[in-house]
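Below is one structure, written out as structure tokens, with a few remarks after it.
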Amino acid sequence: MGRVLETITDELAQFLASVPVFFVATAPLAADGHVNVSPKGGEPLRVLDPHRVAYLDATGSGAETAAHLRENGRITIMACAFSGPPRIVRLHGRGRILRPGEDDFERLRPRFGTLPAVRSIVDVAVARVSTSCGYGVPLMEHVGERSHMDRFWDGKGPDEVRAYQAEKNAVSIDGLPAFEV
């Protein structure tokens, strides 16, 4: 059943590296602000050490995670087993956004594969690790990755990516600053 752990164990690190999708939750400080939950896939979560994870962040249609992390740093990552034994893992921590060209981004970048239009690495200092049963999570088969994002960005140059980011990723839906382009 559920447990709270001191660290990300080797067993949990293997599980986290194997899940095809994980979820990221953040929220602004304002009581009337929008809580955000984003699915992430295509590139696995990386366990950097027993208290730290990171993931490669592709340019998307919004920038809630970045805006919330800039404002308050709070983040929860959740991974579920959709095949095999049931399991849910939650990682609570403080995250930061690393942008291309920054030293920390460039040091971590080789640990990841490829995603189109990469805008950042989200680096999380994990303060709490918990597991729960996952009995209510359905069994599902991972068929593969969608090609839509690759096709959307295919052939677009850096100027077009920056223009898209300036239009769609500068502020959150609550008006918080997200990415400077």
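Would you mind pulling out the separation of the Cα centroids of the stretch 91-153 and the stretch 61-84, in Å?
Using only Cα atoms, the two centres lie 9 Å from each other.
Counting Lys and Arg as +1 and Asp and Glu as -1, each charge on the Cβ, what is the dipole of the chain about the Cα centre in debye, to the nearest 20?
340
At q = 0.13, 0.18, 0.20 Å⁻¹, what log₁₀ I(q)/I(0) does a Debye calculation on the Cα points of the stretch 1-111 give, no solvent, two decimals?
-0.52, -1.00, -1.21
Can you work out D for the stretch 141-180 in µm² s⁻¹ from Stokes-Einstein, where Rh is the Kirkwood radius over C-alpha pairs, the temperature is 25 °C and the viscosity is 0.890 mPa s?
D = 202 µm²/s.
Compute the helix-to-body angle for 158-168: its Cα long axis versus the longest principal axis of the chain, expressed 0 to 90° and rounded to tens.
For 158-168 against the chain, the angle is about 70 degrees.
If you stretched the chain out fully between residue 52 and residue 72, how much longer would it get, using 0.36 nm times the residue separation minus the C-alpha to C-alpha distance?
Gain in length upon complete extension: 5.4 nm.
Using a Gaussian network model of the chain whose springs link C-alpha atoms within less than 10 Å, name the residue from 44, 86, 28 with the highest mean-square fluctuation.
Comparing 44, 86, 28 in the GNM, the peak value goes to 86.
Could you pull the Rg and Dmax for the stretch 74-135, using just the Cα atoms, both in Å?
So, for the stretch 74-135, Rg and Dmax equal 14.6, 43 Å respectively.
Would you kindly calculate the mean projected area, averaged across all directions, of the convex hull enclosing the Cα atoms of the stretch 61-181, in square nanometres?
Over all viewing directions, the stretch 61-181 projects a mean Cα-hull area of 9.4 nm².
Report, in deg cm²/dmol and to the nearest 500, the calculated mean residue ellipticity at 222 nm for the chain, where each DSSP H run with n ≥ 4 adds -39500 (n - 2.57) and the sum is divided by the residue count.
-6000 deg cm²/dmol
If the only charges are +1 at each Lys and Arg Cβ and -1 at each Asp and Glu Cβ, what is the size of the charge dipole of the stretch 22-115 around the Cα centre, to the nearest 20 debye?
That gives the stretch 22-115 a dipole magnitude of about 300 debye.
Throughout, read-outs are computed from the coordinates displayed, never taken from laboratory work. It should be emphasised that the depicted structure is a prediction, and the values quoted were computed from it without experimental measurement. Neighbour counts are summed over all protein chains in view; Cβ atoms, including those assigned to glycine, are modelled from backbone coordinates with ideal geometry.
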